[in-house]
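A short worksheet on the structure shown next.
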Amino acid sequence: MRMIFMGPPGAGKGTQAAVVAEKYGIPAISTGDIFRANVGEGTPLGLEAKRYMDAGEYVPDSVTNNMVRDRLAQPDAEPGFLLDGYPRTLAQVEELDGMLAASGASLDAVVVLTVDSEELVQRLLKRAETSGRSDDTEEVIRHRQDVYTEQTAPLIDVYRDRGLLLEVDGLGEVTEVSERILTALDGVSRG
């Protein structure tokens, strides 16, 4: 199973990705984890990404694409994978299409966790209080949601048009949301 998880910041993608990846026996691949691993290992791509990150800038698509390409080429991703945080732009969709085509693979599903934006703001503010994340101020949270809506939400239409989109209500207890996702994916794996 090859899939993408999408949804606004705070929708629970990381939590749900771990559950789903374990169920399907595939790696959950987060771009944040890839960045940290490459920086930590001092790879050439990691050193390049670190320059941008240290300056507080976005890591360019070219660097991100190369990191994802390297990660998807690893043996554990051969039977499938779950991408969390990639693609984020239409250019990255095209790049991922090329990576998959080159390996003779294709996506099976794109899961979008839908959550009311006001609910997300409250959820993230609560998380900031309990985890001490000083970057989670209401202003920053709302800005991240705006960036998501502007840059990533258009990808939802692309994947809907391709018949790959599974929209899942992301509100509720973790186990409830997991069940909704697995039920939706069950239809794909049988179909």
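The values are calculated or read from the model by the stated rules, or taken from the named source; none is laboratory data. In this text, all values refer to a predicted model and were calculated from it rather than measured experimentally. Cβ placement follows ideal geometry from the backbone for every residue including glycine, while neighbour counts extend to all protein chains displayed. Areas reflect the complete protein model, heavy atoms only, side chains present, ligands, DNA and RNA absent. Shrake-Rupley method; radii C 1.70, N 1.55, O 1.52, S 1.80 Å.
Fully extending the segment from Leu125 to Asp146 would add 5.9 nm, taking 0.36 nm per residue of separation and subtracting the current Cα-Cα distance. Above 21 Å, the calculated P(r) of the range 98-191 contains 49 percent of its Cα-Cα pairs.
Packing, as the average of other Cβ atoms within 10 Å across residues, places the peptides 79-85, 114-120 in the order 79-85, 114-120, highest first.
Each principal axis of the range 1-90 carries a Cα extent, and these read 37, 30, 25 Å when sorted largest first.
Sparsely packed loop sites in the range 118-159 (the trypsin sites (Lys or Arg not before Pro) outside DSSP H, G, I, E and B with at most 15 other Cβ atoms within 10 Å) comprise Arg133. With Cα atoms as the point set, the radius of gyration and Dmax of the chain evaluate to 16.5, 47 Å. Net charge within 12 Å of Met3 by Cβ-Cβ distance, Lys/Arg positive one each and Asp/Glu negative one each, not counting Met3 itself? With Lys, Arg at +1 and Asp, Glu at -1, the net is +1. Annotation: per residue accessible area for the chain equals 53 Å², rounded to a whole number [probe 1.4 Å, protein chains only].
Ratio of Rg to Rh for the range 44-92: 1.01 [Cα atoms; Kirkwood radius as inverse mean 1/r over pairs]. Protection proxy ranking for 107-113, 152-158, 65-71, using the average of other Cβ atoms within 10 Å per residue and placing the highest first: 107-113, 65-71, 152-158.
A cut-off of 5 Å between modelled amide H atoms, ignoring neighbours fewer than 5 places along the same chain, links Ile29 with Leu82, Leu83, Asp84.
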